[in-house]
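Here the structure is laid out as structure tokens; the discussion comes afterwards.
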Amino acid sequence: MAMLLAMIFSAASFLILLAGVPARAAAGPRLAPDRDLSLTSEERALVLKGKIVLREIPTEGRSGRTYEALGLLQCSLDEAVSVLTDFEHYPEFMPNVSAVNICEQVHPCSVIETSLRLPLGVKKRYRLRYTAVPAASGFELVWEMLAWPELKPSQTIADTSGYWLVRGFEEGGLLVVYHVYTDPGHIPLGMSGLARSLAKAKIPDGIVALRERVRSVFRPGIRQPAASAQNSCP
């Protein structure tokens, strides 16, 4: 049971999924023009070695947790954007995603319903709205969860939001950030610590999946070694 709850939490935090149809899909969240991407010297060294850095971000006054993973992509910005916005094919490479339903696409927003297939036959569904924004410094794909009244609480999660950020890196390649806030909802007493610990460990898989998808689509003859995550939190 503990592992099952943890997988539900981690899958909810891992996926960038699009949500229920709003009255006006174009009215997405406003994006900061420049997010702080400061790296410590230790983090920079790890990223340059191909490692994925994992951070926990303070979440004041909210019941969920926020994590972000950082790593390098060896591809063009257009290639990264192409994969991140290819929502139709998420089931082919995003772990636990079994199906997507593209409800609406009104530039720069997309609204998608996603189905997750988890261990022991557990299924979850939710809606997210993505807002894709190109910028001089790179690209952002921001998502927020939308209401889906037809679902029972046991069929979905309480909340999730976050963003993908891709930007040129001084030493070469692209720095990618996968930033996720997730509130899985009710977790039985005594299980929350284990669930959160295992969920946190799964966050870097988002960058691993992105790397592998870019390679398989644009460089099918080149294999890349798997990158382990490095937890830079105190």
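Only residues that are under 16 Å from residue 111 (Cα atoms) and not in a loop (DSSP other than H, G, I, E, B) were counted in the stretch 141-158, giving 6. Looking across 154, 161, one residue alone is under 27 Å from residue 58 (Cβ atoms), free of Cβ contacts under 8 Å to residues at least 40 places away in the same chain and of a type in the set (S, T, N, Q). It is 161. Number of residues in the stretch 67-113 that are under 21 Å from residue 212 (Cα atoms) and either over 17 Å from the mean Cα position of the chain (by Cα) or outside any helix (DSSP H, G or I) (or both) equals 21.
Rule-based calculations on the coordinates, nothing more; no lab input. Just so it is clear, the model here is predicted, and its values are computed rather than measured. Note that each Cβ is placed from the backbone with ideal geometry, even for glycine, and that neighbours are counted across all protein chains shown.
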